[in-house]
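The values are calculated or read from the model by the stated rules, or taken from the named source; none is laboratory data. Quick caveat, the model's predicted, so the values are computed rather than measured. In this analysis, Cβ positions are derived from the backbone assuming ideal geometry, glycine residues included, and neighbour counts consider all displayed protein chains. Surface areas here come from the heavy atoms of the whole protein model, side chains and all, with no ligands, DNA or RNA. Shrake-Rupley method; radii C 1.70, N 1.55, O 1.52, S 1.80 Å.
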Amino acid sequence: MSRAATLRLLLCAGLLGLAGSAAAEEIFVSNERDNTVSVIDGATLEVTRSFPVGRRPRGLTFSRDGRTLYVCASDSDAVQVIDPDTGALRHNLPSGEDPEQFALAPDDRTLFIANEENATTTVVDAQTRKVLAQIDVGIEPEGMAVSPDGKTAVTTSETTNMVHWIDVPTLTAIDATPVGQRPRAAAFSADGRMLWASSEIGGTVAVIDAATRKVVETIEFAVKGIAADRLQPVGITLTGDGRFAFVALGPSDRVAVIDAKTYKVLNYILVGRRVWQLAMTPDETRLFTTNGVSGDVTVIDVATQRPIRSVKVGRFPWGVAVRPASGTSERSAGAAP
């Protein structure tokens, strides 16, 4: 069989699997310039609707049952609580200044919010709508993640170039780990043993032992024909089986595929222009990337590590979250995986 014929078969197989596996899934995308959220049907991969939100929406995530959508409206200084079925705003949560990204703890109610303007992490009870704590961290906090056991939260600070560790039971900062220049995103492995943190200007990803809080590996990237200063790691997502990590590489327009055990880069996937964030379906068969400059979402078949569709959304898409089918768990970016 010729190479072209083989590629056609792979693409057809990917599309067939896509149509049969995701009828109940929806992909929600925040559009920074339009102040909207676009909704993509997981079966047809077409935008079915959009709705207005606050100014400069970035991170977004779902409650475990998929019935509540949280959106970081950065320039509105609010975390908005939205009905995902109608797009109606239920209420705003207190968020601190300039909320960028957030992470919902495993208890499905405690929200950790990075406040870029005032160098704090705000902790909010999403049910009572009360601020539980404001924790001092480094300058320009951006990324947030909570460990799978719910005992530890982390904030990355872009200017201080550190990952700050927060003890969740006491809501106090307990340690800081130096990483590369301008850390943007953080993600725990499914077993909670490792934390991955991307450094956008440093061009690296640090893999940190969560027990010792020490960097055990620093991953670098190289793409033939692409200048090193365009390889800017931002969003990260990891597979639940611990085999792979996917890293958005910003203006290089690539997603890196990494062996999560050896830390070797296996592949680079070409996507849209200025890729920001990533989210995977609960069955981990498809990966969605938000591409800010080209205003679209690339759909990647995880098994073949190939793009299979580009979906136009609003202007400057940034965050992405997959609304789970009944009985599954949500995966998102611009929040913590």
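Here are the numbers:
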{"item": "Amide H contacts of GLU116 (H built 1.01 Å from N, under 5 Å, at least 5 apart or other chain)", "result": "GLU100"}
{"item": "Relative compactness, the chain, computed as alpha-carbon Rg over 2.2 N^0.38 Å", "result": "0.92"}
{"item": "Nonlocal amide H pairs with GLU200, under 5 Å, H built at 1.01 Å", "result": "ARG184"}
{"item": "Space enclosed by the convex hull of the alpha-carbon atoms of segment 24-136, per residue, Å³", "result": "89"}
{"item": "Viscosity 1.306 mPa s, 10 °C: Kirkwood-radius Stokes-Einstein D of segment 163-214 over Cα pairs, µm²/s", "result": "139"}
{"item": "Under Karplus coefficients 6.51, -1.76 and 1.60, residue-wise ³J(HN,Hα) of segment 273-280 in Hz, glycine/proline x", "result": "7, 6, 6, 9, 10, 9, 8, 10"}
{"item": "Along principal axes, Cα extents of segment 75-176, largest first, whole Å", "result": "41, 30, 20"}
{"item": "Percent accessible area from carbon and sulfur atoms, the chain, protein chains only, probe 1.4 Å", "result": "49"}
{"item": "Projected-area mean, segment 146-249, by convex hull of Cα positions, square nanometres", "result": "6.4"}
{"item": "Lys/Arg +1, Asp/Glu -1 at C-beta; the chain dipole; positive extreme among SER76, VAL322, THR172", "result": "VAL322"}
{"item": "Residues with amide H under 5 Å from that of GLN277, placed H, sequence gap 5 or more", "result": "THR290"}
{"item": "Accessible area (Å², per residue) of the chain, counting only protein heavy atoms and a probe of 1.4 Å", "result": "39"}
{"item": "Base-10 log of normalised Debye intensity for segment 255-302 (one unit scatterer per alpha-carbon) at q = 0.27, 0.31 Å⁻¹", "result": "-1.03, -1.13"}
{"item": "Under Karplus coefficients 6.51, -1.76 and 1.60, residue-wise ³J(HN,Hα) of segment 292-307 in Hz, glycine/proline x", "result": "x, 6, 7, x, 9, 10, 9, 9, 10, 7, 5, 4, 9, 6, 10, x"}
{"item": "Taking the chain and dividing mean pair separation by its residue count, relative contact order in percent (alpha carbons under 8 Å, at least six apart)", "result": "14"}
{"item": "Prolate/oblate/rounded label for segment 139-182 (Cα gyration tensor, a/c 1.5)", "result": "prolate"}
{"item": "Where the Cα pairs of segment 30-77 fall when distances are cut into 10 Å bins, in %", "result": "27, 50, 23, 1"}
{"item": "Compactness of segment 184-337 - radius of gyration and Dmax, Cα, Å", "result": "14.4, 45"}
{"item": "In order through segment 147-161: 3J(HN,Hα) via Karplus (6.51 cos²θ - 1.76 cosθ + 1.60), integer Hz, x for Gly, Pro", "result": "5, x, 7, x, 8, 9, 10, 10, 10, 9, 10, 5, 8, 7, 6"}
